[in-house]
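Here's the structure, in structure tokens; my notes come after.
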2 protein chains.
Amino acid sequence: MQRGFDVAEYEGRLARAQTAMARAGLSAILLTLEADIRYFTGFLTRFWESPTRPWFLIVPAQGKPVAVIPAIGAALMAQTWIDDIRTWPAPEPADDGVSLLADTLNEIAGKGRIGTPMGLESHLRMPLASWASLQARLHGPVGPEHGLVAGLRAVKSAAEIDKIAQACAIAGRAFARVPQIAAAGVPLSKVFRDFQGLCLSEGADWVPYLAGASDAGGYADVISPARDAPLALGDVLMLDTGLVWDGYFSDFDRNFSVGPPSRAVEAAHARLIDATDAAAAIARPGTTAAELYHALDAVVTGGQGGSDAGRLGHGVGMQLTEGLSLIPQDHTPLEPGMVITLEPGVALGAGRTMVHEEVIAITEGAPRYLSPRAGSGIVRL
Amino acid sequence: MQRGFDVAEYEGRLARAQTAMARAGLSAILLTLEADIRYFTGFLTRFWESPTRPWFLIVPAQGKPVAVIPAIGAALMAQTWIDDIRTWPAPEPADDGVSLLADTLNEIAGKGRIGTPMGLESHLRMPLASWASLQARLHGPVGPEHGLVAGLRAVKSAAEIDKIAQACAIAGRAFARVPQIAAAGVPLSKVFRDFQGLCLSEGADWVPYLAGASDAGGYADVISPARDAPLALGDVLMLDTGLVWDGYFSDFDRNFSVGPPSRAVEAAHARLIDATDAAAAIARPGTTAAELYHALDAVVTGGQGGSDAGRLGHGVGMQLTEGLSLIPQDHTPLEPGMVITLEPGVALGAGRTMVHEEVIAITEGAPRYLSPRAGSGIVRL
């Protein structure tokens, strides 16, 4: 599969952003986060792991985005479709890009309104002290962009969905090989290491996320790192991975029974699949995130609601989680091109839980499973 | 090696923080970033990969830290030494932890000053809109903590250095096996995948960072992801990895010559080792970051300075990069317990460069190499 995108993909993203910006009266949008900057540029690097340097992209009301970035990124940014690239030799404690950014924003936006993400799921990736200096130097006002960029990113192009599908297929092949690496007696930490190795050997570029657990008849929590304790007969092993292919994530999990499952575990797994099916059945354009939540919740709790996870699914794409949340309060309607997870959890008593997750793309008709849909029966190791 | 730390480690960190807070007149410190929160709690999870939920830790002037976190993290946080854990069912669009955090801060700090990281290398990991609401609800003023937490984190305990040493030893074993996976004709993307597999099989918990390049007689940039193009005779292959063991990073690179190296490449590699040796020779308590920069720069450029990388080394620990920078403007004196990288780069003409990196711990005497010190000759594949 081809890496990267044609320039037309970026031109389309920019045109949609600028249409929305005109409606919102914004002269520029300031972006500081990896996925937002990559969305408009194609700038893909794992260097964001280093928290030292801030990176900036300005989306103007007209014309192409302007990158204001540390010099260390200039060569890579020059390989994208962006041609106005302004750099400073970061880190520069006295003025770490602030004056260069202020000058560029003033040049582009003048006294016009500048928007930046300020709402749920966003943050400003630059020091607060730099933010204060920047605001003092700007000629125009800075305010929220009201989720404009997140809204664009939530609806994926066919080329983006292909990449997510590729990531999910890789994860699916790795999950299919879990019986090769996991059995009673194997330390969970070794299962984690070997599973990441499987993801890589099946084609993942990297494996940013892996969580999971293995415990008797279910597990207590779904975000723990691996312990060295060995898997034991009667355990339910859960692995939940977010792996990346060409900058796009898979995010789904699988459960395994170490030895024969108890009836409770078998029934819980079947119920999780039923819940997923019930939500997938109504996952059509116009259905809301809240309606999906209720479809899942009706099966897993009989409509009681409430879960420590706080939600039963979410958007996925350039980030492990992004966009809508399957919660009663989120009334975002589904649109063709959205990619979301369905992630029901079921309580098993004694602080035990089981969680299942699939990835689907919303289409005009029935959703397309991007993860290889799990069967009703739990896989035995 | 034992995972985690004894409670005494956290008690010591807290006591040092509270001593410094008293001096700075702070009633509380608010932390929002993964490493800062983990430093005081031991809360270790890869779930931070999800940008959806904010997490908060309050370090009070007296008493233990208080966690204000999404309910999904409660079970894992309860396994740390923290016992005051307040949760909300995130994501909650109407009030995503803001009122709970405000109430807790007001209870702890009253009208006293609250500090939060605002300087170089920091950011505030919560939505700007939530930050504005929070400030409006607080009884006391919020301002900078003046790098207090970063300063504490920069000086590592023996137990922390052991973990970094473990991560570096794992990376060293993986680098030693590169000849098994890399040769002329192998696509660079496959080398990247297989190298990450080597890191995992040698004991890494995960591999958050890998960058590198392979090109004729040197490379153009050091932060690129892998391309599918195959290695060719005459290439210099560079792999730079940040792998994690128990939450602590290694960060160093190695260069390899695909086939016999040119004289220019041989000489450049030897010069990089000479530069590293020159800096290591003066890396004693009291030497400044700037002095290390100049020691490196004198060898690689003859004192001309200037590099797109912007610095020739940095601190490393719970983050891939943290703390001081080897730049002329950073006059931070070294202290025993600091762990830093020495990362000289040498220009080879025609836009080509080579970079070398080692990790050392500062002691009362000569520094301790945590990475297995490379020899002067470049390794041939």
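The values are calculated or read from the model by the stated rules, or taken from the named source; none is laboratory data. Quick caveat: nothing in here was measured; it's all calculated off a predicted structure. Methodologically, a virtual Cβ is constructed for each residue, glycine included, from the backbone with ideal geometry; neighbour enumeration extends over all protein chains shown.
Checked against the criterion of being under 30 Å from B:L57 (Cα atoms), outside the structural domain of B:R373 (by TED's automatic domain parsing) and over 23 Å from the mean Cα position of the chain (by Cα), region B:145-156 contains not a single residue that satisfies it.
Out of curiosity, is B:T276 among the β-branched types (V, I, T), surrounded by fewer than 19 Cβ atoms within 10 Å (Cβ to Cβ) and either in the same structural domain as B:I223 (by TED's automatic domain parsing) or touching a Pro at 6+ places or on another chain (Cβ under 8 Å) (or both)? It is false that B:T276 is among the β-branched types (V, I, T), surrounded by fewer than 19 Cβ atoms within 10 Å (Cβ to Cβ) and either in the same structural domain as B:I223 (by TED's automatic domain parsing) or touching a Pro at 6+ places or on another chain (Cβ under 8 Å) (or both).
For region B:194-223, enumerate the residues that are of a type outside the set (V, I, T), under 22 Å from the mean Cα position of the chain (by Cα), surrounded by 20 or more Cβ atoms within 10 Å (Cβ to Cβ) and not in a strand (DSSP E or B). The answer is B:F195, B:Q196, B:G197, B:L198, B:C199, B:L200, B:A204, B:D205, B:D221.
Within region A:343-357, can one find any residue that is among the aliphatic types (A, V, I, L, M), over 18 Å from A:E266 (Cα atoms) and in contact (Cβ under 8 Å) with a residue 40 or more places away in the chain?
Start the filter on region A:343-357 by keeping residues that are among the aliphatic types (A, V, I, L, M), which leaves A:346-348, A:350, A:354-355.
Narrowing further to those that are over 18 Å from A:E266 (Cα atoms): none.
The answer is no, given that none of the residues of region A:343-357 is among the aliphatic types (A, V, I, L, M), over 18 Å from A:E266 (Cα atoms) and in contact (Cβ under 8 Å) with a residue 40 or more places away in the chain.
Could you please find all residues in region B:247-273 being surrounded by fewer than 17 Cβ atoms within 10 Å (Cβ to Cβ) and in a helix (DSSP H, G or I)? Selection gives B:R263, B:A264, B:E266, B:A267, B:A270. Condition first: surrounded by 16 or more Cβ atoms within 10 Å (Cβ to Cβ), closer than 30 Å to A:R380 by Cβ and within 17 Å of the chain's Cα centre (by Cα). Can you find one or more residues in region A:110-129 that meet it? No, every residue in region A:110-129 fails to be surrounded by 16 or more Cβ atoms within 10 Å (Cβ to Cβ), closer than 30 Å to A:R380 by Cβ and within 17 Å of the chain's Cα centre (by Cα). Condition check for B:R173 on (1) free of Cβ contacts under 8 Å to residues at least 40 places away in the same chain; (2) not in a helix (DSSP H, G or I); (3) not polar (S, T, N, Q): one failure, at (2). Is it the case that A:L30 is within 24 Å of the chain's Cα centre (by Cα), in contact (Cβ under 8 Å) with a residue 40 or more places away in the chain and surrounded by 19 or more Cβ atoms within 10 Å (Cβ to Cβ)? Yes; evaluated as a whole, the condition is true for this residue. Please verify whether region B:132-151 includes one or more residues that are within 14 Å of chain A (Cβ to nearest Cβ), surrounded by fewer than 18 Cβ atoms within 10 Å (Cβ to Cβ) and touching a residue at least 40 places away in the same chain (Cβ under 8 Å). Yes: region B:132-151 contains one or more residues that are within 14 Å of chain A (Cβ to nearest Cβ), surrounded by fewer than 18 Cβ atoms within 10 Å (Cβ to Cβ) and touching a residue at least 40 places away in the same chain (Cβ under 8 Å).
For region B:122-144, a tally of residues being touching a helix residue (DSSP H, G or I) at 6+ places or on another chain (Cβ under 7 Å) and either under 29 Å from A:A94 (Cα atoms) or not aliphatic (A, V, I, L, M) (or both) returns 9.
In this structure, does B:L320 turn out to be buried (at least 23 other Cβ atoms within 10 Å of the Cβ), within 14 Å of chain A (Cβ to nearest Cβ) and touching an Asp or Glu at 6+ places or on another chain (Cβ under 7 Å)? Taking the combined requirement at face value, the residue satisfies it.
Against the list (1) within 27 Å of A:P225 (Cα to Cα); (2) at pLDDT 95 or above, the condition B:A176 fails is (1). Out of region A:152-166, which residues are buried (at least 17 other Cβ atoms within 10 Å of the Cβ) and either of a type in the set (S, T, N, Q) or within 22 Å of B:L198 (Cβ to Cβ) (or both)? The one that is buried (at least 17 other Cβ atoms within 10 Å of the Cβ) and either of a type in the set (S, T, N, Q) or within 22 Å of B:L198 (Cβ to Cβ) (or both): A:Q166.
So for region A:95-109 (the condition being charged (D, E, K, R), over 25 Å from the mean Cα position of the chain (by Cα), surrounded by fewer than 21 Cβ atoms within 10 Å (Cβ to Cβ) and within 14 Å of chain B (Cβ to nearest Cβ)), does at least one residue qualify? Yes; the residues of region A:95-109 include at least one that is charged (D, E, K, R), over 25 Å from the mean Cα position of the chain (by Cα), surrounded by fewer than 21 Cβ atoms within 10 Å (Cβ to Cβ) and within 14 Å of chain B (Cβ to nearest Cβ). Here the strands (runs of 3 or more DSSP E) wholly within region A:38-92 that include at least 1 residues being buried (at least 22 other Cβ atoms within 10 Å of the Cβ) and either among the acidic types (D, E) or modelled with pLDDT of 95 or more (or both) are A:56-60, A:66-70.
Please determine whether any residue of region B:228-239 is more than 29 Å from A:K190 (Cβ to Cβ) and at the interface with another protein chain (Cβ under 8 Å from one of its Cβ atoms). First the steps, then the outcome.
Initially, region B:228-239 is screened for residues more than 29 Å from A:K190 (Cβ to Cβ), giving B:228-238.
Restricting the remaining residues to those that are at the interface with another protein chain (Cβ under 8 Å from one of its Cβ atoms) gives B:228.
Looking for residues that are more than 29 Å from A:K190 (Cβ to Cβ) and at the interface with another protein chain (Cβ under 8 Å from one of its Cβ atoms), one finds at least one in region B:228-239, hence yes.
When A:A183 is tested against the conditions (1) surrounded by fewer than 19 Cβ atoms within 10 Å (Cβ to Cβ); (2) within 14 Å of chain B (Cβ to nearest Cβ); (3) in a loop (DSSP other than H, G, I, E, B), the lone failure is (2).
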